[in-house]
Structure formats: C-alpha cells, structure tokens
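Read through the structure below, which is laid out as structure tokens, and then see the notes.
The values are calculated or read from the model by the stated rules, or taken from the named source; none is laboratory data. Quantities reported herein were computed from a predicted structural model and do not represent experimental measurements. Don't worry about glycine lacking a Cβ; one is built from the backbone with ideal geometry, like all the others, and counts go over all protein chains shown.
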Amino acid sequence: MTQTGFTRMEEELKRLKTEERPAIIRALEEARAHGDLSENAEYHAAKERQAFVESRVAELESKISRAQIIDTAALTGKTVKFGATVTVVDEDDDAKMKFQIVGEDEADIKAQRLSVRSPLARALIGKQVGDEVEVATPSGEKFYELLKVQFV
C-alpha cells in the first residue's frame, strides 16, 4: 500500500479508539440507566455499534501490522506497476481517464485511485505508453490506449 493509504488507516484506527469507543461506552451507560435491557432498543443499538467498531479495529490493526508500504515517489520506469499514475483514453469515445494504481484498501475511484486488482489495472500492469489493452466489462469488451505513465 502507499504511504497515503497507510496514514489513512492509522487515522481511522486512532479515531475509532479515541472517539468511537468512548461514545459507545457513554451510550451503553445511558441505555443501562433506562432499566430493562431485554427490551431496550438504545442498548441493543449501542451493542451492535460496539460490535461493528471492535470488528473494524481488529481488521485495521491486522492490516496495519502486515502492511508493506511502497514509496511511489521512489519508483521509476516506463512500465505500469503498483503506484503508477496512468492516463488512458477510451478508444470508443476518446474519453481520457487519469488514476493511480493502489492497493485494494485504499482504492477510491472518485479520488482517482484504482485498485491493483481491478480488471483495468490488471490489464495495464507491465504495459508501456502507446500500448493498447482490452478489458472485459459487463457491457462488453472495452479498449484503452495507455497515454502516460508517471510515478509521483
């Protein structure tokens, strides 16, 4: 994963531990004060939230402990690989797209970060500027030309 993705994970973990956990504890204490827990919707909602948060904390701690951080700025070359920022053009409608190929956990197409496991990224890995790739999509085969490869 990239340093940016790693930092985001660490920030989410910190927020869950320092903000969410205490808020859940307060919600549970308040719900307990209302009496009978068997029919207390607030209590059950707080317990569900607690289970979700604890599960997410465990997941993040596991991913952080196993993470391999790749400094994309130190990468160079003319071929597409993890961390590359690529510009492609859709050969059907001449629409240009620019995105960075990142790990699964940091993918966000709105932020122009494409998962390395996506069909388009897999098709582009190892390619050079000028190469064309074919990608199977639900609407049929799409063809893209690789216009630019950068490492930022």
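Name the residues in region 98-113 that are out of contact with any Gly (no Cβ under 9 Å at 6 or more places or on another chain) and in contact (Cβ under 8 Å) with a residue 12 or more places away in the chain, would you? Residues satisfying the conditions are 98, 99, 104, 112. Per the listing 90, 108, the residue uniquely more than 15 Å from the chain's Cα centre (by Cα) and in the same structural domain as residue 140 (by TED's automatic domain parsing) is 90. Please verify whether region 126-142 includes one or more residues that are under 20 Å from the mean Cα position of the chain (by Cα) and either assigned by TED's automatic domain parsing to the domain that holds residue 15 or at pLDDT below 90 (or both). Within region 126-142 (the criterion being under 20 Å from the mean Cα position of the chain (by Cα) and either assigned by TED's automatic domain parsing to the domain that holds residue 15 or at pLDDT below 90 (or both)), the answer is no, since none of the residues qualifies.
Within region 101-142, track down each residue that is surrounded by 14 or more Cβ atoms within 10 Å (Cβ to Cβ), in a loop (DSSP other than H, G, I, E, B) and charged (D, E, K, R). Within region 101-142, 127, 131 meet the criteria. Have a look at 87, 76 and point out the one that is surrounded by fewer than 15 Cβ atoms within 10 Å (Cβ to Cβ) and not in a helix (DSSP H, G or I). After applying the criteria, what remains is 76. Residue pairs whose Cβ atoms lie under 9 Å apart, separated by 6 or more positions or on different chains, with the first residue in region 13-35 and more than 12 Å from residue 56 (Cβ to Cβ) and the second exposed (fewer than 11 other Cβ atoms within 10 Å of the Cβ), are 31/41. Given the structure, is residue 91 closer than 22 Å to residue 148 by Cβ, touching a strand residue (DSSP E or B) at 6+ places or on another chain (Cβ under 9 Å) and at pLDDT below 90? In short, yes.
For region 1-28, a tally of residues being within 18 Å of residue 116 (Cβ to Cβ) and either buried (at least 17 other Cβ atoms within 10 Å of the Cβ) or modelled with pLDDT of 95 or more (or both) returns 5. For region 114-143, which residues satisfy the criterion of being touching an Asp or Glu at 6+ places or on another chain (Cβ under 6 Å) and in contact (Cβ under 8 Å) with a residue 24 or more places away in the chain? Correct list: 132, 143. Only a single item in (1) surrounded by 12 or more Cβ atoms within 10 Å (Cβ to Cβ); (2) without any contact (Cβ under 8 Å) to a residue 60 or more places away in the chain is not met by residue 151, and it is number (2).
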